[in-house]
Amino acid sequence: MILNKKASVLLSCSLVLVLSVFQVPVHAQDSNQGIASQDNQAMPEVVPPPREFATAEAHYRFLLEQADGGTQHTKTSLPDWNGLWTSGNNTMPGLFLEGGTLMSAITPGGTVKENVLTPPYEQQLRERRAEMEIYGEQLYDRLTNCEYPGMPRWLWEPYIKEFVHTPEQTWMMNDMMNETRRIYINQEHQNTDAKHLAAGDSIGFWDDDKLVIWTKWINPADYLRGMPLTSNQFELVETWQQVTRADGSRQLVTQVTFYDPIALVKPLSAVYSHDAQPELKAFGVRIRNWECTTSSNSYKAEDGSTQFYLPGDPEYTDPRGSSEFPDLPGQSFDPIFDPGN
């Protein structure tokens, strides 16, 4: 994202306000320092599928058969993934860049691996990486237009997540853009809308304490800013399991296999992680409603870059919101900043 001259001058003045309003965690997506620390985190080993599968469905059906139809949990026997979680390290960038890490994924440099992506998608990634070499970063990212991260990017979106299990569904809630995945347990895919969705449609089953998920009908998107695009035939199979480290801290380990016959030469596997953050809960952090379309001040400029309206611009929108009746007492959306109303 390239800032114009006006934005560069005002950025330092507005950054404190923006961070205070949104309570942005230190490892937000534009924080290279936070990403660098994640690169140094120890990662679980990638566990590939027990054998090669041509499709996500074949992979999922095989695991379901191996689990004898899955564990039929009750409300009291379900694994407990309580609390707040933040995204940790993952091995996805190494699938597409030689020695790729999260830091190298979003910064210039790195060598694109050959014959991992199909020719048109490999060419698109090379063009994206070349743009980053020229401008220092990817000029435009769809999230700044209030588009959802979607899958598979959801797997590493920053901020916080919460997980709720019932015998019929698992809810995976992402603080960013209110993007909640619903995993329908022991059910089949349904698409009454006859369309693709940002997070797709997910079904799953429990294999003891492991949650196995198959997701399909996903909007074409990308793996991460700076990483390849996905096609509308992208699907994935995930296995989630909570582990306890030697120091007593909890981690969610997600083994993932990506299937995309249009974009990938063959299926690829990676491992993602999330870390429990009890200190955030103790501090009082909660998932809040994300009003991107009413509070975003970003826009796509004529040169294709992401730019921002800042205080003083006529187009600037106060992220705290505003009332249609400002003259009436008690109409402020944020009495902390406007105690008189």
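None of the figures in this text is laboratory data; all of them are computed from the coordinates on show. If you're wondering where the values come from, they're calculated on a predicted model, not measured in any experiment. For neighbour counting, all protein chains shown are included, and Cβ atoms are generated from backbone atoms with ideal geometry for every residue, glycine included.
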Pseudo-spin-label distance MET173 to ASP303, built 7 Å along Cα→Cβ, given in nm, is 4.2
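Here are some pairs, LYS195/LYS300; LYS216/LYS281; LYS75/LYS161; LYS113/LYS161; LYS75/LYS195; LYS210/LYS300; which of them have Cα atoms lying more than 30 Å apart in this structure?
Values: LYS195/LYS300 27 Å; LYS216/LYS281 33 Å; LYS75/LYS161 21 Å; LYS113/LYS161 32 Å; LYS75/LYS195 33 Å; LYS210/LYS300 42 Å.
Beyond 30 Å: LYS216/LYS281; LYS113/LYS161; LYS75/LYS195; LYS210/LYS300.
How high is the relative contact order of the chain? Use alpha-carbon pairs under 8 Å, at least six apart in sequence, and give a whole percent. Could the numbers behind the result be given before it?
Values: 643 pairs, mean separation 68.9, N = 341.
Reported as a whole number, the value is 20 percent.
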Rounded to whole angstrom, the alpha-carbon centroid of the stretch 46-82 lies from that of the stretch 158-176 at a distance of 18
Nearest-0.05 FRET efficiency for GLU315 and TYR135 at R0 = 22 Å, using Cβ-Cβ distance, is 0.40
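Between GLU188 and GLN72, 0.36 nm times their residue separation minus their Cα-Cα distance comes to what? Mind dumping the intermediate values first?
Numbers: separation 116, 0.36 × 116 = 41.76 nm, distance 1.58 nm.
That works out to 40.2 nm of additional length.
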So the angle from the long Cα axis of helix 5-22 to the longest Cα principal axis of the chain, reported in degrees to the nearest 10, equals 70
For the chain, longest principal axis from Cα atoms; helix 56-66 axis from its Cα atoms; angle between them, nearest 10 degrees, is 50
For the stretch 247-263, in residue order, the Karplus 3J(HN,Hα) values (coefficients 6.51, -1.76, 1.60; θ = phi - 60°; whole Hz; Gly and Pro = x) are 8, x, 6, 9, 9, 9, 10, 10, 8, 10, 10, 9, 10, 7, x, 8, 9
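Considering only the other residues whose Cβ falls under 15 Å of the Cβ of ASP208, what net charge follows from Lys and Arg at +1 and Asp and Glu at -1?
Numbers: positive: LYS210; negative: ASP68, ASP80, ASP207, ASP209.
Surrounding charge for ASP208 is -3.
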For Rg/Rh (Cα atoms, Kirkwood Rh), with candidates (i) 1.03; (ii) 0.95; (iii) 0.98, the value calculated from the shown model is option (iii)
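Please state the relative contact order of the stretch 164-320 as a whole percent: Cα pairs under 8 Å, 6+ residues apart? Intermediate results must be reported in sequence, preceding the final value.
Values: 270 pairs, mean separation 20.5, N = 157.
Reported relative contact order: 13 percent.
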The chain, Gaussian network, Cα under 10 Å: of PHE325, PHE163, PHE308, the residue fluctuating most is PHE325
Of GLN190, GLN169, GLN255, the most mobile residue in a GNM of the chain (C-alpha springs, cutoff 10 Å) is GLN190
Listed residues PRO228, PRO49, PRO326; largest mean-square fluctuation, Gaussian network over the chain with Cα springs below 10 Å, found at PRO326
Residue-normalised 222 nm signal for the chain, counting each DSSP H run of n ≥ 4 as -39,500 (n - 2.57), nearest 500 deg cm²/dmol, is -6000 deg cm²/dmol
